[in-house]
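Beneath this line is the structure, given in structure tokens, with notes to follow.
Every number in this text was worked out from the coordinates using simple rules, so none of it is lab data. Being a predicted model, the structure only gives us computed values, none of them experimental. Cβ sites come from the backbone with ideal geometry, for glycine too, and all protein chains shown count toward neighbours.
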Amino acid sequence: MASVRCGVKGVFVATHDATTVPLVVLTDSGERSLPIFIGLWEAVSINSAKNKEILSRPFTHDLFLDLVTKFSITIHHLRIDSIEDGIYYAQLVLSTNQQKEYIDCRPSDGIALALRADVPIFVDENVLAMAGQKTADLPAMVDLSAFLRK
């Protein structure tokens, strides 16, 4: 199945009744958005990478990127390839010595790494068809940075 290149629209907190849940929103070049609910620390890491923040101490994602770089491994791209029972699955595609390796990862970790490595994020068309939403239909959200400043 074909994959669609997507960008990170932003990292948000969805508010609903008595709960708040962090999410990252990917978007294709059209009107489709893909909201993925994630953990708070992953949201903070993705937001930090998206905003190109330089922190005094590295996040785990920074450590991973330093490690692969030191061992001449290149992050090629992230591919979010399926969704089952509301859980997204992804493959981080690495290359070394002219050979590609596919590493199973959580999409949130893959997105944090892809942003840091400045590599593309692809989403299978089937995933977008199943879980994508029109941007106008997304739930009420607050930008993570604004939420954390409160």
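Comparing 128, 65, 115 in a Gaussian network model of the chain (Cα springs below 10 Å), the most mobile by mean-square fluctuation is 65.
Taken over the chain, the percentage of Cα pairs per 10 Å bin, counting from 0 up to the bin with the maximum distance, is 11, 41, 35, 12, 1, 0.
Straight Cα distances below 21 angstrom link residue 134 to the lysines 9, with same-chain residues fewer than 8 positions distant left out. Region 80-130 and region 14-45 have Cα centres separated by 16 Å.
Can you tell me which lysines have their Cα less than 18 Å from the Cα of residue 70? Leave out same-chain residues fewer than eight positions away. Those lysines meeting the cut-off are 100. Of the trypsin sites (Lys or Arg not before Pro) found in region 42-123, those that fall in a DSSP loop while having at most 14 other beta-carbon atoms within 10 Å are 52.
Please give the calculated 222 nm ellipticity per residue for the chain, where each DSSP H segment of at least 4 residues contributes -39500 (n - 2.57) and the sum is spread over every residue; nearest 500 deg cm²/dmol? Walk me through the numbers before you get to the answer.
On the way: 5 runs with 46 residues, N = 150.
Theoretical 222 nm ellipticity from helices: -8500 deg cm²/dmol.
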